[in-house]
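Each reported figure results from applying straightforward, stated rules to the coordinates on display, with no laboratory input. Just so it is clear, the structure is predicted and the values come from calculations on it, not from any experiment. Because the Cβ atoms are built from the backbone with ideal geometry, glycine has one as well, and the counts that use them run over all protein chains shown.
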Amino acid sequence: MMLALLIAIATCTTAWLLTSPQPNRTLGGLFGLIDSILWLVAGIAAGKTAVILIAAFCALCFLRSLLRGRTVSLFGSSHAN
């Protein structure tokens with residue numbers, strides 16, 4: 001029950017941060033990564049391979065966007081591609 005509550009909070013926070021009028025992409029990506037990791041834990045606990053694979057893919061997508069944003073802030077947009 002507690003894991004389900006944490007997943008729901010992380011999912012709603014991610015959606016709220018990424019779709020707000022002034023989107024905060026870094027925090028939204030961070031909460032998305034946390035949400036994906038919580039889904040990984042839930043999939044592992046339940047032994048569901050499909051959930052684990054989808055959650056791992058989502059975690060990689062959120063991590064990629066966070067790392068890309070960090071690269072742009074460090075080196076500028078010409079080095080991020």
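Using the number of other C-beta atoms within 10 angstrom as an exposure proxy, rank Ile52, Ile9 with the fewest first. Could the numbers behind the result be given before it?
Numbers: Ile52 17, Ile9 14.
Fewest-to-most ranking of Ile52, Ile9: Ile9, Ile52.
Average 1/r across all pairs of distinct alpha carbons in region 2-79, invert it, and you get the Kirkwood radius: 13.2 Å. Across region 33-41, rounded Karplus estimates of 3J(HN,Hα) from the backbone phi angles (6.51 cos²θ - 1.76 cosθ + 1.60, θ = phi - 60°) give 5, 4, 4, 5, 5, 5, 5, 4, 4 Hz, Gly and Pro being marked x. The phi-based Karplus calculation (6.51 cos²θ - 1.76 cosθ + 1.60; θ = phi - 60°) puts the 3J(HN,Hα) values of region 45-51 at 5, 8, x, 9, 5, 4, 5 Hz, whole numbers, x for Gly and Pro. Shown for Cys58, Cys12: other C-beta atoms within 10 Å of each C-beta, ranked fewest to most, produce the order Cys12, Cys58.
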